[in-house]
Amino acid sequence: MAKEQLKVLNALDSAKTQWYHFTAIVIAGMGFFTDAYDLFCISIVTSLLGRLYYTVPGSSTPGTLPSNVTSAVTGVALSGTLAGQIFFGWLGDKMGRKRVYGVTLMLMIFCSIASGLSFGKEAKGVIATLCFFRFWLGFGIGGDYPLSATIMSEYANKKTRGAFIAAVFAMQGFGILAGGAVSIIVSAAFKAAYPAPAYDVNPSLSTVPQADYVWRIILMFGAVPAALTYYWRMKMPETARYTALVAKNAQQAAADMSKVLQVDLEAEPEKVEPREQGNDFGLFSKQFVQRHGLHLLGTTTTWFLLDIAFYSQNLFQKDIYTSIGWLPAAEKMSAIEEVYRIGRAQSLIALCATVPGYWFTVALIDKMGRFAIQLMGFFFMTVFMFALAIPYNHWKSPGNSTGFLIIYSLTFFFANFGPNATTFVVPAEIFPARFRSTCHGISAAAGKAGSLLGTFGFVYAVDGIGIKKTMMILGATNCLGVVFTFLVPEAKGLSLEEISGEDEEGDAAEVGTVTV
């Protein structure tokens, strides 16, 4: 028999959209703005690092990072993110969401600044310290995934919960856009102050010494939005669901939410007695596997498969742009000019495809449902990736680059109006409160494992089998995402307690996967 729900949780579920909802979106969303900026801006400056530290005197082409260094520089933050997602996800369930929320932000601020202060003038010293600080930057970023998603899901009402969680994640699109915009502004300023010829005109003068400041400023700017968010994060009260259902303090939960909702709420301590036998199972128990095992398998596999393709495309956009002739060859540009053009290209893709895709999800997720959007997204990502890969030689022909870019942009649009948003939303809804942050962290870490495979594998796959066959592999990966989406339950219109089974006394949670 279902338990009678706490009035404070009912009040949250039925609350009209209020100012505190938008405040929570901005506070949590600015963390994702910072996350996306830090993780994706590195792809803009890798070419500059190659010119500064790996140019061989007398070479006909500017220096580039060796494949292993490229993988390390772009992938080390993802490794840190994976570790941070698991650690802070677990810690969020043990200590509370708010208590560890500020720690992640402080890590992000410190390590963003330290990334730009990498020591030494030789390649080995600069790259080693850059990788060290970016690992710990990623560790802090990783904590933001489960904590932000869980906090927003536990603050939201059930009618628009999907839109609110998706809106937090949608700030990632603005972070990617900001990475391109900051690169454009910084590189344009340095290009105007320190003009330089293209590499094939004068190799020694094409990379001015001041270019070393460009990549450092771009990376350090990531600390700014994080610092602006810190004060407001510390003022947020702990979520009522954690306080009442995990910490078992109904009085504090009612007091906190009375201030937030600006209504008087009854504490009801008698409703938060210790869990009855049969409903007190742990994360590694048989009961958890029976009730939520397939759901966790669904959230982990779909996020893993998505991120293989999504991060491969994002981190290596410049290689694809160059191969189709949308960017000039590296030797036709100066070092700072190359940063400017890559930033401009990334901003265009973000503005036209990435950002709109996120906000389509925000607008429609509580109407269409999570399952339908995720299935549709994976399907169209598969179609468009094969549409690029199979006739790849056609797209490389002169005059066909516009068509390539349109289809390439559509893969980003349906990634974000699709699984890139829903894989973030669903794990924050379908698990019990005492496991919610941990399970979201595990799901997100599976995604980062996929992003690492995409990041490291893409470099060697392109070198070994070429871009065409690599893109066909990414298309097949997206197709697998369609299959595993059928393991993910629909949470539209249900309270967190209904979807997770927490309002049941010893009975299995009545959450079924979508049937074919």
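The values are calculated or read from the model by the stated rules, or taken from the named source; none is laboratory data. All figures in this text were calculated on a predicted structure; none of them were measured in a lab. Cβ atoms come from the backbone with ideal geometry, glycine included; neighbour counts cover every protein chain shown. Side chains are part of the model used for accessible areas, which takes the heavy atoms of the whole protein and leaves out ligands, DNA and RNA. Shrake-Rupley method; radii C 1.70, N 1.55, O 1.52, S 1.80 Å.
Before moving on, here are some points about what is shown:
Yes or no, residue by residue, for (1) within 25 Å of residue 59 (Cβ to Cβ); (2) within 22 Å of the chain's Cα centre (by Cα):
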| residue | (1), (2) |
| --- | --- |
| 179 | no, yes |
| 182 | no, yes |
| 189 | no, no |
| 196 | yes, no |
| 201 | yes, no |
| 204 | yes, no |
| 219 | no, yes |
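- Condition check for residue 178: surrounded by 20 or more Cβ atoms within 10 Å (Cβ to Cβ) and either at pLDDT below 85 or outside any helix (DSSP H, G or I) (or both): no
- Residue 372 being assigned to a helix (DSSP H, G or I) and over 18 Å from the mean Cα position of the chain (by Cα): yes
- Failed item in (1) open to solvent by less than 30 Å² (accessible area, probe 1.4 Å); (2) modelled with pLDDT under 90, with residue 377 passing the rest: (2)
- Restricted to the stretch 463-472, and to residues there that are open to solvent by less than 30 Å² (accessible area, probe 1.4 Å) and hydrophobic (A, V, I, L, M, F, W, C), the residue that is farthest from residue 393 (Cα to Cα) is 471.
- Residue that is surrounded by the fewest Cβ atoms within 10 Å (Cβ to Cβ), among those in the stretch 360-374 that are under 10 Å from residue 422 (Cβ atoms) and in contact with a Ser or Thr (Cβ under 6 Å, 6 or more places away or on another chain): 373
- Of all residues in the stretch 138-164 being among the aliphatic types (A, V, I, L, M) and surrounded by 24 or more Cβ atoms within 10 Å (Cβ to Cβ), the one that is nearest to residue 72 (Cα to Cα): 141
- Residue check for residue 331: crowded, with 21+ Cβ neighbours inside 10 Å and of a type in the set (D, E, K, R): no
- Residue, farthest from residue 153 (Cα to Cα), within the stretch 232-251, restricted to residues that are open to solvent by 40 Å² or more (accessible area, probe 1.4 Å) and assigned to a helix (DSSP H, G or I): 251
- Looking across the stretch 434-462, the residues that are small (Gly, Ala, Ser), surrounded by fewer than 24 Cβ atoms within 10 Å (Cβ to Cβ) and either at pLDDT below 90 or more than 22 Å from residue 74 (Cβ to Cβ) (or both) come down to 457, 461.
- A residue that is open to solvent by 20 Å² or more (accessible area, probe 1.4 Å), on the phi < 0 side of the Ramachandran plot and modelled with pLDDT under 75 cannot be found anywhere in the stretch 294-312.
- Residue pairs meeting the criteria (Cβ under 8 Å; at least 6 apart or on separate chains; first over 21 Å from residue 114 (Cβ atoms) and surrounded by fewer than 20 Cβ atoms within 10 Å (Cβ to Cβ), in the stretch 193-218; second of a type in the set (Val, Ile, Thr) and at pLDDT 90 or above): 194/208; 194/336; 208/336
- Pairs with Cβ under 7 Å, 6+ apart, first in the stretch 72-87 and buried (at least 24 other Cβ atoms within 10 Å of the Cβ) and part of a helix (DSSP H, G or I), second hydroxyl-bearing (Ser, Thr, Tyr) and modelled with pLDDT under 85: 74/43; 74/455; 75/455; 78/455
- Selected residue (criterion: modelled with the lowest pLDDT) from residues of the stretch 323-357 that are among the polar types (S, T, N, Q) and within 20 Å of residue 384 (Cα to Cα): 323
- Take the conditions (1) under 30 Å from residue 228 (Cα atoms); (2) among the aliphatic types (A, V, I, L, M); (3) open to solvent by 10 Å² or more (accessible area, probe 1.4 Å); (4) touching a residue at least 60 places away in the same chain (Cβ under 8 Å); residue 12 misses just one of them, which is (3).
Every residue, every condition in (1) under 28 Å from residue 196 (Cα atoms); (2) surrounded by 23 or more Cβ atoms within 10 Å (Cβ to Cβ); (3) without any contact (Cβ under 8 Å) to a residue 12 or more places away in the chain; (4) in contact with a helix residue (DSSP H, G or I) (Cβ under 9 Å, 6 or more places away or on another chain), yes or no:
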{"position": "40", "(1), (2), (3), (4)": "yes, yes, no, yes"}
{"position": "52", "(1), (2), (3), (4)": "yes, no, no, yes"}
{"position": "97", "(1), (2), (3), (4)": "no, yes, no, yes"}
{"position": "107", "(1), (2), (3), (4)": "no, yes, no, yes"}
{"position": "118", "(1), (2), (3), (4)": "yes, no, no, yes"}
{"position": "136", "(1), (2), (3), (4)": "no, no, no, yes"}
